[in-house]
Amino acid sequence: MIMKTDEQDSNPSFVLRAIKDVAFEDRAVPKLRDEHDVRIHIAQTGICGSDVHYWQRGRIGDFILNSPIVLGHESSGTVVEVGSAVKNVKVGQRVAVEPGVPCRFCGYCRSGQYNLCNDTIFAATPPWDGTLSKYYIVASDYTYPIPDHMNMEEGALVEPVAVAVQITKVADLRANQTVVVFGCGPIGVLCQAVAKAYGASRVIGVDAVQSRLDFASSFGADDVFLPPKPESGVDPIEHAERVAALLKEKFNLGEGPDVVLECTGAEPCIQTGVFVTKKGGTYVQAGMGKEVVAFPITTACIRALNIKGSIRYTTGCYPAAVDLVASGKIDVKRLITNRFKFEEAEQAFELVKAGKQDVFKVVIEGVQ
Amino acid sequence: MGQEVRPPLPDCLLIYPTTPPYALERDETLTTMQNLSFVLEKTGVVKFEDRPVPKLASDYDVLVNVKFTGICGSDVHYWQHGAIGSFIVKAPMVLGHESSGIITAVGDKVSTVKVGDRVAMEPGIPCRRCIRCKDGKYNLCVDMRFAATPPIDGTLAKYYTLPEDFCYKLPESVSLEEGALMEPLAVGVHITRQANIQPGQSVVVFGSGPVGLLCCAVAKAYGANKIVAVDINKERLDFAKSYAATDIVVSQRESAADSAARIIKDCDLGHGADVAIDASGAEPCIQAGIHVLRTGGTYVQAGMGKSDITFPIGAMGAKELNVKGSFRYSSGDYRTSVDLVTSGRVSVKELISNKVKFLDAETAFNDVKAAKGIKVLIEGVEDSA
C-alpha cells in the first residue's frame, strides 16, 4: 500500500559529492528492497559532528568518501509504504529512524552487539546514502513509532538520546552512583540527563565554555565545573592530575566518581577523566578527537579501572530513548537552537561548522 | 563399494514419483528417490516418504546432504505423544535435528562455506529481527523455526537447507559422526554458560543421559575441579565416571534434603556445591538440586519432565540462589562445541553406542525409547546401489 502514487514524485536530496562540495540533486524515488522494508517521508533531520566532518575532511578513520553520498542520519518521518511482511508500523505512522542496519548474520549481530557489525549499512557513512532526501528506505524493525504528543523535531533528536543511552549502558550505570561527564555539547548534556533519569545520585558536567555549563546546569547536571587553564610551562599530565584533585575536592567526590563519561575526545579531558575516576570505577570513551593521545595507563592499571569504548547504539536503546523523550524525562526540544528549511541545508551545515557558542543543535526540515 | 546386500524395502515404504503416472510403485530402488525422508505421520506412526529436494530459500542458504543424525528425547516424545507443551503435531513432519552433513549447493551470496565442506548443522533458524535476536539471545526468538518442532520438518532426510551461518565447518580431524554430536554438546555448552561455571568450582549434575554427560565433560574442560554425576542407573553412572565425572552417586528413595545431604557428605562438598544442573526433569532431582547448593550457588534447569512440580522455594530464597532455565543454544555455542572437540578438551566419540542405516531408523527410535545405549546415530540416505 502506498500513500503517494504521483508519477511526478521525485526525491530531492542533499548530496556530498566530494570534500567541501555539496549540492542538491533530484534522485529517483527509492524502492523497497524486500518485504521487510518501509519507505519513510523524512520530516526532520538533526546535524551531527560526523556529518560536518565528512563534508570538511572526507573521512573518519577507515570510512573514506570515494563517491557521492546523501548526508544526514538523525531523522524522523512518516511511513508512506510498507513491505508485505512488515508488522510493527503502518502507513501514516510517525517514526524515529535508527540509521544503521546490520547484516544480522555475523557473530556480532548474533551475539547482541550489532553496533559492531562490519557490514552495517549506516546512513551517511560512506558509501551509504543518508536521510537528507525526501524519502528514505530502511528495514521496518529499525523504525520506532513515536506517540502523538511527540513532534517530529523531538523524533529526530531520539538518535543522540539513543547514543547517550548506549553510553550509560556500556558504563553499566546503576542507581545512586556518582557520575562526571566531560563535555556539555549535545551528547554530554544528554548523557547527564540520561544518568539522572536512571537514578544517578550526583551528575557533574565539565566544559571549557561557561555558556555551555550554564545550559547543562539547567538541563540534567546537578553541578558544573569549569577547569582552570594550565599555567605556561606546566606539564599537561601534572595539570590533569591537579584538575582531577580539584574536581574531587570541590564536589566532595571522595576518592572519585563511580563513573566517568568522556564526551569531548579532547586529550586533557581524557587524562583528567582517568585521574578522577575512583578505584574500581568505570571510564567510558564516547567522544572522538585525536586518534592517539598520551594516556595515564599506569593509573588505570593500579586503580583497576574498567575502561570501555562506546559506539552508536544496540538493542533497546532506541525504545528507551523514545520513552525518555515521550515521558518528558528529557526535554530535547530545548537543545534545538536553529531551524532550516530543506533548501537551506548548506547554510545549516555552515552554521554548525562555524562552531559558535550559541549554536547547539541544528535541524533541517524535510522536503514538503 | 562391492557386493553389498541391500536390505529388503520395508512395507511402510511409500514412494511418490514426480512425473506421471502417479501410481505407487513398490519395487523402486533408492536411486530414483530424490529426497527420501523419515516422517512422523501422526502419533505413533512413522513412515518413509520421498519428498521434493528443498529449494534454497535465499542467496545465503546452502543445501546439505545429511550424513548422520542423532536421536533426542524430544524426537521420541513427539513420536509417542504427538506434542510437547504447546507444540502439537498437526500434520506429517520429518523427524530429527541433531545432524551433520556435506554441502552440495550454495546460494549466490554464500561466502563462509563451500560445496564439499563437512559441517555440523545448527537446526534452529531465528527471525534475526526481533528484540531477542538482536540482543544476542536468538534461542528465545518468538518466531524460531526449529527442525522437527512442529510444524517445521526435521533433518532425517537426504537433503536439508540452512543459512550459511548455521553451518559449522568440521576440521579434517573431526568425523561426521562426531559432527552429529555437536548439537547435544552445544546444549551442554549453553547450560554451563548459564551456570557460569568457573575454574575450581564444584558441580552436581542430575541425570547421566547424553546431555548430563556432556555437561560433565564441558564443566571439566572449563576447570571445574569436582563434578558429581547423579542418576538412578548404576551403569550410566559407571560410564559417567570413566568419561568426565569425578564422583558418582546413585539416587535412592529418600527425601530430597536427605539426598542432598548424602551427596554433600559422600563427595566432600563442604557447605554445598557451587553449581547444580538438572538434566533429568525429575521432580526429586530438582528438589535435591536446590538443597545440594551452598548459599549463593547457581541452579540451572535443563531437563524437561513434569511442567509443574513442588519446588523448595524457601530454601532458594533463604540461600539467595541464582535459579535459571536453559533452552537449546545461542550465539557462540556451536562454535565453542566444534572448538572443544577439535582441541580434544571434550571427547564425544565414546557417547556413540550404535549406528544404523537410514532404513532402520524406526528400530533406532525404539532403542532410544527403551533407553538402550547413550547416543544412537542414523546414517544418511545412501546414494546408489
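Laboratory data are not the source of any read-out in this text; all were calculated from the coordinates shown. Quantities reported herein were computed from a predicted structural model and do not represent experimental measurements. Quick reminder, even Gly has a Cβ in these numbers, built from the backbone with ideal geometry, and neighbours come from all protein chains shown.
Within the range B:246-305, report the trypsin sites (Lys or Arg not before Pro) that DSSP leaves as loop and that have at most 10 other Cβ atoms within 10 Å.
Of the trypsin sites (Lys or Arg not before Pro), the ones in loops of the range B:246-305 whose Cβ has at most 10 other Cβ atoms within 10 Å are B:ARG253.
With +1 on the Cβ of every Lys and Arg and -1 on the Cβ of every Asp and Glu, and nothing else charged, how large is the dipole of the range A:291-368 about its Cα centre, in debye rounded to the nearest 20? Kindly include the intermediate steps, with their values, before the conclusion.
Values: 11 positive and 9 negative charges, 82 e Å.
That gives a dipole near 400 debye.
Show the residues, 5+ positions off or on another chain, whose built amide H is closer than 5 Å to the amide H of B:VAL204.
Those lying under 5 Å, H to H, from B:VAL204 are B:VAL228, B:VAL275, B:ALA276, B:ILE277.
I'm a student and want to see the number: the projected area of the Cα convex hull of the range A:120-189, averaged over all directions, in nm². Don't jump to the answer; show the numbers that get you there.
Working: hull surface 28.9 nm².
In nm², the orientation-averaged hull projection of the range A:120-189 is 7.2.
Count charges around B:ASP238 for me, please; just the other residues with Cβ under 15 Å from its Cβ, Lys/Arg as +1, Asp/Glu as -1. Don't skip to the answer; put the middle values down first.
On the way: positive: B:LYS234, B:ARG236, B:LYS241; negative: B:ASP231, B:GLU235, B:ASP247, B:GLU350.
Computed value for this residue: -1.
Taking GluC sites (Glu not before Pro) as candidate sites, keep only those in a DSSP loop with at most 16 other Cβ atoms within 10 Å, then name the longest stretch of chain B containing none of them. Let's see the in-between values first.
On the way: sites that count: B:GLU4, B:GLU25, B:GLU28, B:GLU172, B:GLU254, B:GLU320, B:GLU382.
Between exposed loop sites, the widest span is B:29-171.
Stokes-Einstein D for the range A:42-179 at 25 °C, 0.890 mPa s, Kirkwood Rh over Cα pairs, in µm²/s?
On the way: Rh = 16.2 Å.
Translational diffusion coefficient: 151 µm²/s.
Take the Cα gyration tensor of the range B:270-360, multiply each eigenvalue by 5, square-root it, and list the three semi-axes largest first, rounded to whole angstrom. Each step should come with its number before you reach the end.
Numbers: eigenvalues 197, 66, 32 Å².
Semi-axes (√(5λ), whole Å): 31, 18, 13.
Please report, to two decimal places, log10 I(q)/I(0) for the range B:76-195 at q = 0.15, 0.16, 0.18, 0.21 Å⁻¹ as given by the Debye formula with identical point scatterers on the Cα atoms and no solvent.
Debye output, listed in q order: -0.78, -0.89, -1.11, -1.37.
Let me know the volume per residue of the alpha-carbon convex hull for chain A, in Å³. Numbers along the way, then the final one.
Numbers: hull volume 51.1 nm³, N = 368.
Spread over its residues, the Cα hull of chain A gives 139 Å³ apiece.
Explain nothing, just the number: relative contact order of chain B, from Cα pairs under 8 Å at least 6 residues apart, as a whole percent.
Working: 864 pairs, mean separation 61.6, N = 385.
Relative CO of chain B lands at 16 percent.
Which ³J(HN,Hα) values, rounded to whole Hz and listed in residue order, are derived for the range A:256-261 from phi using the Karplus coefficients 6.51, -1.76 and 1.60 in 6.51 cos²θ - 1.76 cosθ + 1.60 with θ = phi - 60°, glycine and proline given as x?
3J(HN,Hα) across the range A:256-261, in whole Hz: x, x, 5, 9, 10, 10.
Tell me, what does the Kirkwood hydrodynamic radius of chain B come to in angstroms if you use every pair of distinct C-alpha atoms?
Values: mean 1/r = 0.0459 Å⁻¹.
Answer for chain B: a Kirkwood hydrodynamic radius of 21.8 Å.
So what's the net charge close to A:LEU305: Lys and Arg +1, Asp and Glu -1, counting the other residues with Cβ under 14 Å from its Cβ? Show your work: numbers first, answer last.
Working: positive: A:LYS278, A:LYS279, A:ARG303, A:LYS308; negative: A:ASP172, A:GLU255, A:ASP258, A:GLU262.
So the environment of A:LEU305 carries a net charge of 0.
Could you tell me which trypsin sites (Lys or Arg not before Pro) in the range B:30-80 are loop residues by DSSP with no more than 11 other beta carbons within 10 angstrom of their beta carbon? Provide the component values of the computation, followed by the final result.
Numbers: sites: B:LYS42, B:LYS47, B:LYS55, B:LYS67; in loops: B:LYS55.
Answer in residue order: B:LYS55.
Determine how many Å³ per residue the convex hull of the Cα atoms of the range B:235-281 encloses. Write down the numbers at each step before the final one.
On the way: hull volume 4.6 nm³, N = 47.
Normalising the Cα hull of the range B:235-281 by residue number yields 99 Å³.
What trypsin sites (Lys or Arg not before Pro) in the range B:165-231 are in a loop by DSSP, with at most 15 other Cβ atoms within 10 Å of the Cβ?
Values: sites: B:LYS169, B:ARG193, B:LYS220, B:LYS226; in loops: none.
Nothing satisfies the criteria.
Using 26 Å as the Cα-Cα cut-off, could you pick out the over-long pairs in A:LYS134/A:LYS361; A:LYS290/A:LYS356; B:LYS234/B:LYS319?
Working: A:LYS134/A:LYS361 21 Å; A:LYS290/A:LYS356 21 Å; B:LYS234/B:LYS319 31 Å.
In this structure, B:LYS234/B:LYS319 exceed 26 Å between Cα atoms.
Can you tell which of B:VAL203, B:VAL348, B:VAL356 shows the greatest fluctuation in a Gaussian network model of chain B with Cα springs below 10 Å?
B:VAL356
Can you list the HN-Hα couplings for the range B:159-173, worked out from phi with the Karplus curve (6.51, -1.76, 1.60; θ = phi - 60°), rounded to whole Hz and with x for Gly and Pro?
The phi angles translate into 10, 8, 9, 8, x, 4, 6, 10, 10, 10, 5, 8, x, 4, 6 Hz.
Of all the C-alpha pairs in the range B:328-375, what % are more than 18 Å from each other? Don't skip to the answer; put the middle values down first.
Details: 572 of 1128 pairs.
Value for the range B:328-375: 51 percent of Cα pairs lie more than 18 Å apart.
Does the range B:189-325 come out rounded, prolate or oblate by the C-alpha gyration tensor, with a ≥ b ≥ c the root eigenvalues, rounded set by a/c under 1.5 and, if not, prolate when a/b is larger than b/c and oblate if not? Intermediate results must be reported in sequence, preceding the final value.
Values: a/c = 1.29, a/b = 1.15, b/c = 1.12.
Rounded.
Can you list residues from other chains, or at least 5 along the same chain, whose modelled amide H is less than 5 Å from the amide H of B:ASN354?
Long-range HN contacts for B:ASN354: B:LYS375, B:LEU377.
Sum -39500 (n - 2.57) across every DSSP H segment of at least 4 residues in chain A, then divide by the residue count to get the 222 nm mean residue ellipticity, nearest 500.
After summing the helix terms and dividing by the residues of chain A, the value is -8500 deg cm²/dmol.
Taking DSSP loops as anything outside H, G, I, E and B, show the longest stretch in chain A free of GluC sites (Glu not before Pro) there with at most 13 other beta carbons within 10 Å.
Working: sites that count: A:GLU7, A:GLU35, A:GLU231, A:GLU255, A:GLU291.
Here the longest run is A:36-230.
In debye to the nearest 20, how big a dipole does chain B give about its Cα centre with +1 on each Lys and Arg Cβ and -1 on each Asp and Glu Cβ? Present the calculation step by step, with values, prior to reporting the outcome.
Working: 41 positive and 46 negative charges, 190 e Å.
Here the size comes out at about 920 debye.
With no solvent and one equal point scatterer placed on each C-alpha of the range A:41-111, evaluate the Debye formula and give log10 I(q)/I(0) for q = 0.14, 0.27 Å⁻¹, two decimals.
Calculated log10 I(q)/I(0) at the listed q: -0.66, -1.14.
Return the Rg/Rh value of the range A:163-309, two decimal places, where both radii are evaluated on C-alpha atoms and Rh is the Kirkwood radius.
0.93
Below 15 angstrom from the Cβ of B:PRO199, what's the summed charge of the other residues (Lys, Arg +1; Asp, Glu -1)? Each step should come with its number before you reach the end.
On the way: positive: B:ARG193, B:LYS220, B:LYS226, B:ARG345; negative: B:ASP274.
Residues close to B:PRO199 contribute a combined charge of +3.
Looking at A:SER217, A:ILE64, B:TRP79, which one has the Cα that reaches farthest to the positive end of the dipole of the protein assembly as shown (charges on Cβ: Lys, Arg +1; Asp, Glu -1)?
Checked the options; the winner is A:SER217.
Treating each Cα of the protein assembly as shown as an identical point scatterer and ignoring solvent, apply the Debye formula and state log10 I(q)/I(0) at q = 0.05, 0.06, 0.09 Å⁻¹.
Each listed q maps to, in turn, -0.34, -0.48, -0.98.
Go through A:ALA18, B:ALA276, B:TYR159 and say which Cα lies farthest out towards the positive end of the charge dipole of the protein assembly as shown; charges sit on Cβ, +1 for Lys and Arg, -1 for Asp and Glu.
Farthest towards the positive end: B:ALA276.
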